[in-house]
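J.: Just passing along the structure, written as structure tokens.
The values are calculated or read from the model by the stated rules, or taken from the named source; none is laboratory data. Predicted, not measured: the structure shown is a model, and the values here were computed from it. Every residue, glycine among them, receives a Cβ derived from its backbone with ideal geometry; neighbour counts consider all protein chains shown. Side chains are part of the model used for accessible areas, which takes the heavy atoms of the whole protein and leaves out ligands, DNA and RNA. Shrake-Rupley method; radii C 1.70, N 1.55, O 1.52, S 1.80 Å.
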Amino acid sequence: MLEIHQIPILSDNYVYLVIDRITGKSACIDPGVADPVNDLLEKLQINLDYILSTHHHNDHVGANLDLKKKHNCKIVGNFYDKERIPGIDIFLKDGDCFKLGESECKILEVSGHTIGHIAYYFMNEDFLFCGDTLFSLGCGRLFEGTPEDMVKSLSKIRALPDKTKIFCGHEYTLSNAMFVKKLEPKNKFLEIKIEEIKKKREENKPTIPSILGEEKKFNPFLKFDNNIFLEKIGIKNRSIVESLKILRQMKDEF
Ligand code: ZN
Ligand code: FE
């Protein structure tokens, strides 16, 4: 059993504190800043055992060294990022398992936004911490990886059970929704979905986690091989990789 605390930081990032209920072991995922994490740890009266880093961008690793100094925690990340994730101690690669007390998670390499980006999949609970790879109704920008990398990564995520909860790195859902609406102005179900998102944001509630099954219905970046959808938005006779590339370009220019 995992307990999850979601901490909004900076303008739209989420940091997660996860605690294995059986052993009390704790891990902080992608701490961009330290203060709100320390405040929560103090409130819960617990120490921090691990930091799990998804990728090297500063809004995700900015507090690694401060938290390590204060809590003497171990920092976990991809072997590929061993020079780029501050304070890294434990090197993992695709397919490895990491144990947080009794809670096991599998490492999925999901390159695209960066090369060597990883996601942490707690399979017993169907929780996925995917950093900046998949967002609700969007995906990460391709800063380092290729469209082909992103197709592989999104395919890995798409293969997880529909009930998987997607804990991503940013609250981008509403602005992503505006792009999806432009692609599918006549989709009634999307209209309902957007109203739900708007309501949550007006009440200052997070739209994250989202559910993978819902993402499969509405997220255009999971439809790179759905020909009916692609034709509808004007992408015809393209390979899967080209389709994803065009979709991502459309979003970049939106
Ligand atoms: Zn990033
Ligand atoms: Fe980010």
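J.: List the pairs from LYS165/LYS245; LYS163/LYS223; LYS93/LYS236 whose alpha-carbon separation is above 29 Å, in the order I gave them. Spell out each step's value before the answer.
T.: Working: LYS165/LYS245 26 Å; LYS163/LYS223 18 Å; LYS93/LYS236 36 Å.
Beyond 29 Å between Cα atoms: LYS93/LYS236.
J.: For the chain, what does the helix formula give at 222 nm: sum of -39500 (n - 2.57) over DSSP H segments with n ≥ 4, over the residue count, nearest 500 deg cm²/dmol?
T.: Calculated from helices alone, the mean residue ellipticity at 222 nm is -10000 deg cm²/dmol.
J.: Ok, one more. For LEU100, enumerate residues with amide H under 5 Å from its amide H, sequence gap 5+ or separate chain, H modeled in the peptide plane.
T.: Sorted by chain and number, the residues that satisfy this are CYS105.
J.: Another one. For LYS182 and LYS82, what is the calculated FRET efficiency with R₀ set at 45 Å and r taken between the beta-carbons, to the nearest 0.05?
T.: 0.65
J.: Still on this structure: Using the basic label-point model (7 angstrom from Cα toward the beta carbon), what is the ASN227 to LYS198 distance in nanometres?
T.: Result for the modelled spin labels: 3.6 nm.
J.: Right, here's the next one. Report the accessible area of HIS57, computed with a 1.4 Å probe over the heavy atoms of all protein chains in place, in Å² rounded to the nearest 10.
T.: 40 Å²
J.: Also: Using a cut-off of 23 Å between alpha-carbon atoms, which lysines can reach LYS69, once sequence neighbours fewer than 8 places away in the same chain are excluded?
T.: LYS25, LYS43, LYS82, LYS99
J.: Taking loop as defined by DSSP and a crowding limit of 14 other beta carbons within 10 Å, which GluC sites (Glu not before Pro) in the range 34-122 fit?
T.: Hits after loop and neighbour filter: GLU83, GLU102.
J.: Considering only protein heavy atoms, with the full assembly of protein chains and a 1.4 angstrom probe, order ASP59, ASP225 by accessible area, largest first.
T.: Output order, biggest surface exposure first: ASP225, ASP59.
J.: With point charges of +1 on the Cβ of Lys and Arg and -1 on the Cβ of Asp and Glu, referenced to the Cα centre of the range 2-252, which listed residue (SER155, GLY62, THR23) lies farthest in the positive direction of the dipole?
T.: After comparing all options, I get SER155.
J.: Expressed in nm², what is the orientationally averaged projection area of the convex hull enclosing the Cα positions of the range 203-254?
T.: 4.7 nm²
J.: Additional query: Using the Karplus equation 6.51 cos²θ - 1.76 cosθ + 1.60 (θ = phi - 60°), what ³J(HN,Hα) coupling, rounded to whole Hz, does each residue of the range 7-18 give in order, writing x for Gly and Pro?
T.: 10, x, 9, 6, 7, 8, 8, 10, 10, 10, 10, 10
J.: If you don't mind, another one. Which angle between 0 and 90 degrees, to the nearest 10, do you get for helix 173-183 versus the longest principal axis of the chain when only C-alpha atoms count?
T.: Roughly 20 degrees, rounded to the nearest 10.
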